[in-house]
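One structure below.
The values are calculated or read from the model by the stated rules, or taken from the named source; none is laboratory data. Note that this is a predicted model, so its numbers are computed, not measured. Methodologically, a virtual Cβ is constructed for each residue, glycine included, from the backbone with ideal geometry; neighbour enumeration extends over all protein chains shown.
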Amino acid sequence: MLNDPLANAFSSVLSYEKNGKPEVLVHPVSRLIRKILTILQDNLYVGSFEEITDARGGVIKLHLLGSINKCGVIKPRFAIRLDEYEKFEKRFLPAKDFGLLIVSTPSGIMTHVQAKNAGLGGRLLAYCY
């Protein structure tokens, strides 16, 4: 039983990445998972992905680049203000300007750098470095 599909997706991506596999199948698919994978692709953590639809929620075939050291979901999903980003960067990322936090803001899902530049707070979803 899947209680948190996003956590399961990140867990399988990290597991396949650590084992040196070239691709992973992520299922089930949601708009949230699709958007987060797009953000990771834009920041060169994962390669291209294609969506395969089936009757059970769909599957994403994700090509791995071997550039993820650690990724995970942040639970509980902390509410974060504009002046609190540095505190959570220190908590979840290993060094300054290394890695990214993924934040759900009123303007959509984005990285913490984009949210800081836009002056937005939100809720922390995940981290990757």
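The table below lists the values:
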| item | result |
| --- | --- |
| Test: residue in the range 79-95 that is touching a Ser or Thr at 6+ places or on another chain (Cβ under 9 Å) and surrounded by 12 or more Cβ atoms within 10 Å (Cβ to Cβ) | no |
| Residue among Gly72, Gly122, Gly66, Gly99 that is among the small types (Gly, Ala, Ser), crowded, with 18+ Cβ neighbours inside 10 Å and in contact (Cβ under 8 Å) with a residue 40 or more places away in the chain | Gly122 |
| Pick from the range 17-38, criterion under 10 Å from the mean Cα position of the chain (by Cα) and surrounded by 18 or more Cβ atoms within 10 Å (Cβ to Cβ), ranking: farthest from Lys75 (Cα to Cα) | Leu37 |
| Any chance Phe88 is in the same structural domain as Ala9 (by TED's automatic domain parsing), within 20 Å of Ala7 (Cα to Cα) and touching a His at 6+ places or on another chain (Cβ under 9 Å) | no |
| Residue under evaluation Val103, criteria (1) within 24 Å of Ser12 (Cβ to Cβ); (2) at pLDDT below 95, criterion not met | (2) |
| Filter result (in contact with a strand residue (DSSP E or B) (Cβ under 6 Å, 6 or more places away or on another chain), of a type outside the set (A, V, I, L, M, F, W, C) and in a helix (DSSP H, G or I)) within the range 108-127 | His112 |
| The lone exception for Leu14 - which of (1) of a type outside the set (Phe, Trp, Tyr); (2) in contact with a strand residue (DSSP E or B) (Cβ under 6 Å, 6 or more places away or on another chain); (3) surrounded by fewer than 16 Cβ atoms within 10 Å (Cβ to Cβ) it fails | (3) |
